[in-house]
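Each remark here refers to the structure printed beneath this line.
None of the figures in this text is laboratory data; all of them are computed from the coordinates on show. Since the model is a prediction, treat every value here as computed from it, not as a measurement. A quick note on method: Cβ atoms are made from the backbone with ideal geometry, for glycine too, and the neighbour counts reach across all protein chains shown.
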Number of protein chains: 2
Amino acid sequence: MSAAPSAARPLPEATLRRLPLYLRALVEASGERLLMLSSEELAARAGVNAAQVRKDLSQLGSYGTRGVGYDTELLRQQINRQLGLNREHNVAVVGAGNLGQALGHYRGFSERGFNVVAAFDTDPAKFGGRLGSAVIYPLSDLARVVREKNITMALITTPAQVAQDIADRLVAAGVNSVLNFAPAVLNVAPHVSVRKVDLAVELQILGYYEHLRNDHTPAPTRAAAGS
Amino acid sequence: MSAAPSAARPLPEATLRRLPLYLRALVEASGERLLMLSSEELAARAGVNAAQVRKDLSQLGSYGTRGVGYDTELLRQQINRQLGLNREHNVAVVGAGNLGQALGHYRGFSERGFNVVAAFDTDPAKFGGRLGSAVIYPLSDLARVVREKNITMALITTPAQVAQDIADRLVAAGVNSVLNFAPAVLNVAPHVSVRKVDLAVELQILGYYEHLRNDHTPAPTRAAAGS
DNA sequence: CCATGTGAAAGCGTTCACAGCG
DNA sequence: CGCTGTGAACGCTTTCACATGG
């Protein structure tokens, strides 16, 4: 089709989920001074199928050269642009418990432009403390701080019982992207994006397959996620 | 009873991924003294579609009563059994950095029978320290401790460069379920299950949608940058 | 009756296979 | 020629709609 850069935008979720994989592979290849990469090589580095790589990349536009491959640098830029990774995002962590603290310190976020600029908790002992470079505020300051620091995304790492209330308050304060680590179903207005991460789910799935192996030993060739 | 309860086992991944959701909803309902739940009610609590609930549950067998619903307690037991959650799993955390520490302390694991019984790191300052109830060992003790403590599952929370090596050593020591938090593609023998969790991916997806919203704003101002 | 359980239909995502182009 | 880009086939997941049975 035409080469309009920002034309038919809505990328399929499945593709979206793999773009970061390609990005990592491309950065790695860049570090090895590889200027061009074939879909085959890229696939190997990302741990997926070559046809899949081509399908995914074709969704962004035609950035490959037939008979040659993809320009490492160009492709990296295009994916970055599509994912909006040029932009910096100000992120809040609500719930400064174990998980909240770990996520607040997690390098993987800041490396990709997600800056944790504030944390919130209800424990007065934590107020004024720090979570990485972010100050821990009382929950009651949420609305004010969200606005002052231009926070657009939030991680919820509170107990499940309060997660919905937190979400409501975040949305009221103007946050429209929420990543929920609490084991609770959140209902929000349609203009807000919510995603859920349940760390225990993956372990449970692994447990299931182990269970299978022990009972049956049918040796299921796992086609695990990503790998 | 008569027929072997564990008959046509291999549950679809998509179903497997939702069973924990139902489990949570059922426990919650149990706490409210609800003896029976319809697929409709269960669906609402789990945040999914009612038809989906019925399809999923029918995979486990016929544990519902037509015209009535599902027996909360019975269903809970059946899901637990299917997921192998009666059994306890001994889990190792490799990499006692921020993420490793948070995961080691995470309640959600131990609550569901996943006990972190050992941690490993290369930093001598951490040796002998604790991560929750688990002792932190030098990486060189990995094989010995894995065998002594009957560890069957491991979380990899190391830097990406060493993740493959760690995986190899874990597998050699007898671990056959690995949950990888490092941003690296792991290659393992076919009898080993590997799953990957990339915490930044979810944030990136949220970022993408925010990016979309900002670009698309139906504002009359024609500021959209072409090429 | 009423809610489950399930064929059938619709929708997505992945893989295949090859046309098309550098 | 070699590799991309893509229509078409395939397989998995979700949704629909209703027959079935307590």
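For A:ARG147, the point set 7 Å out from Cα toward Cβ sits 6.4 nm from its twins in the other copies, listed from shortest up.
If Lys and Arg each add +1 and Asp and Glu each add -1, what is the summed charge of the other residues whose beta carbon sits under 14 Å from the beta carbon of B:GLY97? Local net charge: 0. Take B:170-178, A:10-18 and order them by the average number of nearby Cβ atoms within 10 Å per residue, most first; the result is B:170-178, A:10-18.
Take B:ALA172, move 7 Å from Cα toward the beta carbon, and the resulting point lies 5.8 nm from the same point in each other copy, nearest first.
Neighbouring Cβ atoms from other chains, within 10 Å of the Cβ of residues in B:14-22, number 3 on average. The same position A:ARG33 in the other copies lies at 7.6 nm from this copy, comparing label points 7 Å beyond Cα toward the beta-carbon, shortest first.
In this simple spin-label model, placing a label point 7 Å from the Cα along the Cα-to-Cβ direction at both B:MET36 and B:ASP123 gives a separation of 5.7 nm.
Label separation (B:ARG17 vs A:ALA189): 2.9 nm, computed from points 7 Å beyond Cα along the C-beta direction.
Karplus-based coupling profile of the stretch A:182-193, in residue order and whole Hz: 7, x, 8, 8, 9, 10, 9, 4, x, 7, 9, 9, with θ = phi - 60° in 6.51 cos²θ - 1.76 cosθ + 1.60 and x standing for Gly or Pro.
Neighbouring Cβ atoms from other chains, within 10 Å of the Cβ of residues in A:102-111, number 5 on average. Using the rule -39500 (n - 2.57) for each DSSP H run of four or more residues, divided by the residues of the protein assembly as shown, the 222 nm mean residue ellipticity is -13500 deg cm²/dmol.
In terms of overall dimensions, chain B has a Cα radius of gyration and Dmax of 22.1, 71 angstrom. For B:SER38, the residues 5 or more places off, or on other chains, whose built amide H falls under 5 Å of its own are B:TYR70.
Applying the Karplus relation 6.51 cos²θ - 1.76 cosθ + 1.60 with θ = phi - 60° to the stretch B:22-34 yields 3J(HN,Hα) values of 5, 4, 4, 4, 5, 4, 4, 5, 4, x, 8, 6, 8 Hz, where x marks Gly and Pro.
Restricting to chain B, what percent of DSSP beta bridges are antiparallel, rounded to 5?
Values: 6 of 28 bridges.
Looking only at bridges with both residues in chain B, the antiparallel portion is about 20 percent.
Computed from backbone phi with θ = phi - 60° and the Karplus coefficients 6.51, -1.76 and 1.60, the 3J(HN,Hα) list for the stretch A:201-212 is 4, 5, 5, 5, 5, 4, x, 4, 5, 5, 3, 4 Hz; x is used for glycine and proline.
To the nearest 0.05, what FRET efficiency results for B:ASN49 and A:ARG9 with a Förster distance of 25 Å applied to their C-beta separation?
Details: r = 27 Å, r/R0 = 1.08.
Working from the Cβ atoms, E equals 0.40.
Simple spin-label estimate for B:ARG144 and A:GLU111 gives 3.2 nm between the two label positions (7 Å along the Cα-to-Cβ direction from each Cα).
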